[in-house]
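Written below as structure tokens is the structure these notes are about.
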Amino acid sequence: MRLQDCINFQLAQVQNAVLSYFKSRLASYDFTPSQYALLSCLWEKGDQSPTQIAQALCLDTSSITGLLTRTEAKGLIQRQFSKEDRRTVIVRLTVKGASLREPITALIDDANKVIMDGISAEEKEELKKCFSILVRNVQKNMD
């Protein structure tokens, strides 16, 4: 099989291009796509544990720790111990993190429109289905 025909190569090519575009768009906010994903979880569902965030973002808990540390250093989130169980950490938005919801969401919406330009609504749905099938195929064949 030629490299260009390998699904892994094709997906990596798309991922690299999309990630690069999102990074460039978010740079003016000193923000990364991963930090957007983290804040998006909190904007949508409110306070959460690091484990809940890791599950929502499909990250392992060691990866989420670094992301939380970097995002907290920017003053966008804070980690607090639960009052019920001191072993449990709760991640919540700061005022600064909450205030970015509207401009960042608009920026992400615009970026998605640029990237998906020329793809019909039906094709977008089919693409989502195909991605789901790929994930399912990989998961059922993992040892």
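The values are calculated or read from the model by the stated rules, or taken from the named source; none is laboratory data. Because the structure is a prediction, the values reported are computed rather than measured. Positions of Cβ are generated from backbone atoms using ideal geometry, with glycine treated the same way; all protein chains shown enter the neighbour counts. Accessible surface areas use protein heavy atoms only, side chains included; no ligands, DNA or RNA. Shrake-Rupley method; radii C 1.70, N 1.55, O 1.52, S 1.80 Å.
Taking residue 89 as meeting all but one of (1) in contact (Cβ under 8 Å) with a residue 40 or more places away in the chain; (2) more than 22 Å from residue 28 (Cα to Cα); (3) within 14 Å of the chain's Cα centre (by Cα), write down the number of the exception.
With (1) in contact (Cβ under 8 Å) with a residue 40 or more places away in the chain; (2) more than 22 Å from residue 28 (Cα to Cα); (3) within 14 Å of the chain's Cα centre (by Cα) applied to residue 89, the lone miss is (3).
Go through segment 42-55 and give me each residue that's open to solvent by 20 Å² or more (accessible area, probe 1.4 Å) and touching a Leu at 6+ places or on another chain (Cβ under 9 Å).
Matches in segment 42-55: 43, 46, 47, 50.
May I ask you to list the residues in segment 1-28 that are more than 16 Å from the chain's Cα centre (by Cα) and within 15 Å of residue 105 (Cα to Cα)?
Within segment 1-28, 28 is the sole residue that qualifies.
Restricting to segment 98-139, name every residue that is more than 17 Å from the chain's Cα centre (by Cα) and touching a residue at least 60 places away in the same chain (Cβ under 8 Å).
Within segment 98-139, 114, 134 qualify.
From the list 47, 60, 85, which one is over 26 Å from residue 16 (Cα atoms) and out of contact with any strand residue (DSSP E or B) (no Cβ under 7 Å at 6 or more places or on another chain)?
Of the residues listed, the single one that is over 26 Å from residue 16 (Cα atoms) and out of contact with any strand residue (DSSP E or B) (no Cβ under 7 Å at 6 or more places or on another chain) is 85.
Could you please let me know if residue 21 is at pLDDT below 95, open to solvent by 60 Å² or more (accessible area, probe 1.4 Å) and in contact with a helix residue (DSSP H, G or I) (Cβ under 7 Å, 6 or more places away or on another chain)?
Spelling it out, it is not the case that residue 21 is at pLDDT below 95, open to solvent by 60 Å² or more (accessible area, probe 1.4 Å) and in contact with a helix residue (DSSP H, G or I) (Cβ under 7 Å, 6 or more places away or on another chain).
Given the conditions (1) farther than 30 Å from residue 7 by Cβ; (2) of a type outside the set (Asp, Glu); (3) within 15 Å of the chain's Cα centre (by Cα), which single one is not true for residue 76?
The number of the failed condition is (3).
Table: residues versus (1) among the aromatic types (Phe, Trp, Tyr); (2) open to solvent by less than 100 Å² (accessible area, probe 1.4 Å); (3) within 25 Å of residue 45 (Cα to Cα).
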site: 84; (1), (2), (3): no, no, yes
site: 88; (1), (2), (3): no, yes, yes
site: 93; (1), (2), (3): no, yes, yes
site: 98; (1), (2), (3): no, yes, yes
site: 103; (1), (2), (3): no, yes, yes
site: 119; (1), (2), (3): no, yes, no
site: 125; (1), (2), (3): no, yes, yes
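Can you pull out every residue in segment 65-82 that is small (Gly, Ala, Ser) and either open to solvent by 50 Å² or more (accessible area, probe 1.4 Å) or in a strand (DSSP E or B) (or both)?
73
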